[in-house]
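J.: Structure below; questions to follow.
The values are calculated or read from the model by the stated rules, or taken from the named source; none is laboratory data. These numbers come from a predicted model, not from an experiment. Cβ placement follows ideal geometry from the backbone for every residue including glycine, while neighbour counts extend to all protein chains displayed. When the accessible area is computed, the model is the full protein with side chains, heavy atoms only, and any ligands, DNA or RNA have been set aside. Shrake-Rupley method; radii C 1.70, N 1.55, O 1.52, S 1.80 Å.
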Amino acid sequence: MKTALITGANKGIGYEVARQLAGKGFQVFVGARNRDAGRKAADEIARKGGQAIFLEIDVADNASVTAAASEFAKAADHLDVLVNNAGIIVDGDNAILEISDELLRKTLETNTLGALRVTRACMPLLKESKAPRVINVSSGGGQLTGGAVNSVCPGWVRTDMGGQGATRSVEEGADTIVWLAVDAPQNVTGKFFRDRKEIPW
């Protein structure tokens with residue numbers, strides 16, 4: 001039987017993904033940090049004829065993720081599909097400039113490191129699958145388009161970080177940054193640049 005772990009599966013998109021995969025014959029693991037909500041979601045899927053197991057997991061907590069992977073391994077010997085869906089949101093496009101460092105750290109811990117942490121913990125189980133898949137649920141809000149800041153890729157530059165084998169001088173690395181600071185149109189914002197040209201984000 002194919003198996004799937006969906007994080008943040010006690011409600012919303014995560015729940016619907018779990019429900020649909022169960023309907024396609026998967027044994028689904030309903031990952032959630034809230035025990036009551038997670039159990040309720042798994043029970044609802046099971047009542048509709050799906051095979052669903054609640055798996056307690058807080059993607060922002062390393063110990064929780066490690067424990068969840070161990071619990072999963074007791075119930076199944078492989079993982080075919082991992083859906084990194086768990087996430088939290090900060091309200092509003094400009095909120096990033098106004099929120100506290102603590103809330104920003106919590107958001108990054110959950111939305112960025114959480115997916116990496118879960119994927120890492122599940123790798124041994126994914127390797128046991130004949131055709132493993134990892135799906136990361138993201139957001140257009142993570143793009144720079146429509147954002148409030150510009151970003152620059154200076155390239156591989158000969159610095160302490162880049163090393164002496166790097167292909168670019170510090171002058172070349174600094175050029176686009178200085179251009180944005182001085183000569184680029186002031187209304188250019190929310191873009192990603194290399195060599196004074198916009199590049200895909």
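J.: Could you tell me which numbered condition ASN111 fails, if it satisfies all but one of (1) touching a helix residue (DSSP H, G or I) at 6+ places or on another chain (Cβ under 9 Å); (2) surrounded by fewer than 16 Cβ atoms within 10 Å (Cβ to Cβ); (3) at pLDDT below 95; (4) not in a loop (DSSP other than H, G, I, E, B)?
T.: Unmet for ASN111, out of (1) touching a helix residue (DSSP H, G or I) at 6+ places or on another chain (Cβ under 9 Å); (2) surrounded by fewer than 16 Cβ atoms within 10 Å (Cβ to Cβ); (3) at pLDDT below 95; (4) not in a loop (DSSP other than H, G, I, E, B): (2).
J.: On to the next question. Can you tell me which residue within segment 1-19, out of those that are surrounded by fewer than 17 Cβ atoms within 10 Å (Cβ to Cβ), free of Cβ contacts under 8 Å to residues at least 40 places away in the same chain and of a type outside the set (Lys, Arg), is nearest to GLY114 (Cα to Cα)? If you could, list the steps in order and put the result at the bottom.
T.: Applying the first criterion (surrounded by fewer than 17 Cβ atoms within 10 Å (Cβ to Cβ)) to segment 1-19 yields 1, 11-13, 16.
Within this subset, residues satisfying the condition of being free of Cβ contacts under 8 Å to residues at least 40 places away in the same chain are 11-12, 16.
Filter again for of a type outside the set (Lys, Arg), leaving 12, 16.
On the way: GLY12: 18, GLU16: 20 Å.
Within segment 1-19, the match that is nearest to GLY114 (Cα to Cα) is GLY12.
J.: Still on this model: Please enumerate the residues belonging to segment 167-183 that are under 30 Å from SER138 (Cα atoms) and exposed (fewer than 15 other Cβ atoms within 10 Å of the Cβ).
T.: Scanning segment 167-183 gives a single hit, ILE177.
J.: To continue, here is another question. Would you confirm, using the coordinates I've provided, whether ILE96 is touching a residue at least 60 places away in the same chain (Cβ under 8 Å), surrounded by 14 or more Cβ atoms within 10 Å (Cβ to Cβ), more than 19 Å from PHE26 (Cα to Cα) and under 19 Å from the mean Cα position of the chain (by Cα)?
T.: No: the conditions fail for ILE96.
J.: Here is a list: GLN164, GLN186. Which entry is open to solvent by 100 Å² or more (accessible area, probe 1.4 Å), farther than 27 Å from ILE96 by Cα and more than 30 Å from the chain's Cα centre (by Cα)?
T.: Among GLN164, GLN186, only GLN164 is open to solvent by 100 Å² or more (accessible area, probe 1.4 Å), farther than 27 Å from ILE96 by Cα and more than 30 Å from the chain's Cα centre (by Cα).
This table checks each residue for (1) among the aliphatic types (A, V, I, L, M); (2) assigned to a helix (DSSP H, G or I).
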{"site": "THR119", "(1), (2)": "no, yes"}
{"site": "LEU126", "(1), (2)": "yes, yes"}
{"site": "PRO154", "(1), (2)": "no, no"}
{"site": "GLY190", "(1), (2)": "no, no"}
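J.: Name the pairs whose Cβ atoms lie under 6 Å apart, with the first residue in segment 20-35 and open to solvent by less than 30 Å² (accessible area, probe 1.4 Å) and small (Gly, Ala, Ser), the second in a helix (DSSP H, G or I) and at pLDDT 95 or above, and 6 or more positions between them or separate chains?
T.: Close Cβ pairs (under 6 Å, with a partner that is in a helix (DSSP H, G or I) and at pLDDT 95 or above) amount to ALA22/ILE45; ALA32/GLY38.
J.: Moving to a separate point now. Would you confirm, using the coordinates I've provided, whether ALA73 is aliphatic (A, V, I, L, M), within 26 Å of GLN20 (Cα to Cα) and over 18 Å from the mean Cα position of the chain (by Cα)?
T.: yes
J.: Tell me which of these ALA22 doesn't satisfy, since it passes every other one: (1) of a type in the set (A, V, I, L, M, F, W, C); (2) more than 29 Å from ARG105 (Cβ to Cβ); (3) outside any helix (DSSP H, G or I).
T.: Looking at each condition in turn, ALA22 falls short on (3).
J.: Identify, please: which residue in segment 16-33 is under 16 Å from GLU71 (Cβ atoms) and not small (Gly, Ala, Ser) and is, among those, farthest from the chain's Cα centre (by Cα)? Spell out the reasoning first.
T.: Applying the first criterion (under 16 Å from GLU71 (Cβ atoms)) to segment 16-33 yields 27-33.
When the remaining residues are screened for being not small (Gly, Ala, Ser), the result is 27-30, 33.
Details: GLN27: 23, VAL28: 20, PHE29: 18, VAL30: 17, ARG33: 16 Å.
Checking each candidate, the answer is GLN27.
J.: What do you reckon, is LYS74 assigned to a helix (DSSP H, G or I), basic (Lys, Arg) and over 30 Å from THR189 (Cβ atoms)? Spell out how you get there, then give the answer.
T.: Working: assigned to a helix (DSSP H, G or I): yes; basic (Lys, Arg): yes; over 30 Å from THR189 (Cβ atoms): yes.
When the stated conditions are applied, LYS74 passes them.
J.: Has segment 14-27 got at least one residue that is among the small types (Gly, Ala, Ser) and over 23 Å from ALA131 (Cα atoms)?
T.: Scanning segment 14-27 turns up no residue that is among the small types (Gly, Ala, Ser) and over 23 Å from ALA131 (Cα atoms).
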